[in-house]
Amino acid sequence: MQNSNTAQAFRHISSGFACAAVAAVLAIGAGPFAYATPSDQHESKAQEYADSSAQKRAEAAEIQQNIDALQTRINQATATYESALAEHDVANAAVEDADRRMREADERILQLRGQLGSRAITMYKSGGETNIVDVLLGAQSFDSFLKSWDAVRRIADQDAQWVEESKQARLDAYEARTESMQQRAVAQEKMDEAEQARIEVVAAQTEMQATLANVNEEIATLDALQEEEEMAAEEARRLEEEAARLAAQKFNVGSGQIVGAISAGGWMHPLPGSRVSSEYGSRTDPISGQVSAYHSGIDLAAPMGTPVGAAKAGTVAYVGWYGTGGNAVIVNHGDGVRTVYMHLSRFNTYVGESVQPGQCIAYVGSTGRSTGPHLHFNVEINKTPINPRAVLSF
């Protein structure tokens, strides 16, 4: 129905349009069985490359998003590492400060030891109890001496306070050092984890960047192939237009009629200037290779898109797909006579149209079971094919 409506519309186009121009426009609505010209094939290939390139670009965009996300994770890992490093530095400084305070406490304790020794000697010389000297000289260590000394309470209250303060200062420094070392260890663990995470993410990002580079290379290749096919399509289109122009020279542009002689019986060659590529009757099938295969008509070789004219006045009985004959038109001439035009690329008529000899009804193609552009022309009487040479000279 689509082809019929299209053909009807074009039958009302001003007679000033060339039949070849009509053919170019009809290519848009010729339907799924229309023959793909070289330019169509190149354009189709170019579109395939364009579609593939678009898919690759989408893939590249997704990879880039993943790379950016990994960069965010790298930045987070780096920030975590730097924060842990700062904590490590603070804890390390605290350990060093605790070590300093412990050293100062030890020095203070040694100083007090000397002071207490001097004080004991002074007490002895001044008549103090000898057991104080015995305690001092009998002590195995300074700490045991302090304990003994405290036990016997033989020193002044101020001396005892200094000893206690020094002992507490050393204990506080030791506890601070222990806590700082723990904090330093925790910070070191955070640093190690952050660095390991950063290394893993950087490795994944590097791998993705390599993948992205490969995809971009594929995109560049596809774009180059697309451009090459587009250029080939443009050149093929130019050649097709030139072929159509030459084919149009066989037409009377004003009437859309094929130029040719009409016989006394009202018959006219459907494709003037074409070459007979296969006769009616027995032949070797060009596709299957079958010997003595029956050929129901005459094959007329002509360039793709060459206009096909009605062989005789009549009414169009069929327009559409005809099995192995591909796109076909059947014209009923009355008295059981009809002509069949097969392997067409596109149509220029519709069912029910009255046509005259030489009127452009279709265009040469290679649809159906065909080895190349040509017109298979049948003449039938009561649907039985006869040799077309019985009514026409070829």
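Here is how the numbers come out for the structure above:
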{"quantity": "Listing of strands (runs of 3 or more DSSP E) fully contained in region 340-394 that carry 3 or more residues being charged (D, E, K, R) and closer than 16 Å to Met268 by Cα", "calculated": "none"}
{"quantity": "Whichever residue in region 212-222 is touching a residue at least 24 places away in the same chain (Cβ under 8 Å) and open to solvent by less than 60 Å² (accessible area, probe 1.4 Å) and, among such residues, is farthest from Asp68 (Cα to Cα)", "calculated": "Leu222"}
{"quantity": "When residues of region 329-342 are limited to those that are open to solvent by less than 10 Å² (accessible area, probe 1.4 Å) and in contact (Cβ under 8 Å) with a residue 40 or more places away in the chain, the one farthest from Gly305 (Cα to Cα)", "calculated": "Thr339"}
{"quantity": "Qualifying position, being assigned to a helix (DSSP H, G or I), closer than 17 Å to Glu179 by Cα and open to solvent by 80 Å² or more (accessible area, probe 1.4 Å), among Asp97, Asp89", "calculated": "Asp89"}
{"quantity": "Only one of Glu240, Glu234 that is in contact with a helix residue (DSSP H, G or I) (Cβ under 7 Å, 6 or more places away or on another chain), at pLDDT below 90 and open to solvent by 30 Å² or more (accessible area, probe 1.4 Å)", "calculated": "Glu240"}
{"quantity": "Some residue of region 303-312 being aliphatic (A, V, I, L, M), surrounded by fewer than 24 Cβ atoms within 10 Å (Cβ to Cβ) and under 26 Å from Ala236 (Cβ atoms)", "calculated": "yes"}
{"quantity": "Counted residues, region 319-348 - those being within 44 Å of the chain's Cα centre (by Cα), closer than 21 Å to Pro272 by Cα and among the hydroxyl-bearing types (Ser, Thr, Tyr)", "calculated": "1"}
{"quantity": "Verdict on Ala120 being at pLDDT 85 or above and in a helix (DSSP H, G or I)", "calculated": "no"}
{"quantity": "Selected residue (only one of Gly289, Gly326 is modelled with pLDDT under 85 and on the phi > 0 side of the Ramachandran plot)", "calculated": "Gly289"}
{"quantity": "Residues of region 343-364 satisfying the condition of being aromatic (Phe, Trp, Tyr) and either without any contact (Cβ under 8 Å) to a residue 24 or more places away in the chain or surrounded by fewer than 24 Cβ atoms within 10 Å (Cβ to Cβ) (or both)", "calculated": "Tyr350"}
{"quantity": "Residue tally, condition of a type outside the set (Gly, Ala, Ser) and out of contact with any Asp or Glu (no Cβ under 9 Å at 6 or more places or on another chain), over region 360-381", "calculated": "10"}
{"quantity": "Hey, Asn66 surrounded by 14 or more Cβ atoms within 10 Å (Cβ to Cβ), modelled with pLDDT of 70 or more, within 60 Å of the chain's Cα centre (by Cα) and closer than 30 Å to Gln209 by Cβ or not", "calculated": "yes"}
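Table: residues versus (1) at pLDDT 90 or above; (2) touching a strand residue (DSSP E or B) at 6+ places or on another chain (Cβ under 6 Å); (3) part of a helix (DSSP H, G or I).
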site: Ala7; (1), (2), (3): no, yes, yes
site: Ile13; (1), (2), (3): no, no, no
site: Gln41; (1), (2), (3): no, no, yes
site: Glu62; (1), (2), (3): yes, no, yes
site: Leu85; (1), (2), (3): no, no, yes
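The values are calculated or read from the model by the stated rules, or taken from the named source; none is laboratory data. Model, not experiment: these values are computed from the prediction. Note: ideal-geometry Cβ built from the backbone for every residue, glycine included; neighbour counts use all protein chains shown. Note: accessible area is taken over every heavy atom of the protein model, side chains too, but ligands, DNA and RNA are not part of it. Shrake-Rupley method; radii C 1.70, N 1.55, O 1.52, S 1.80 Å.
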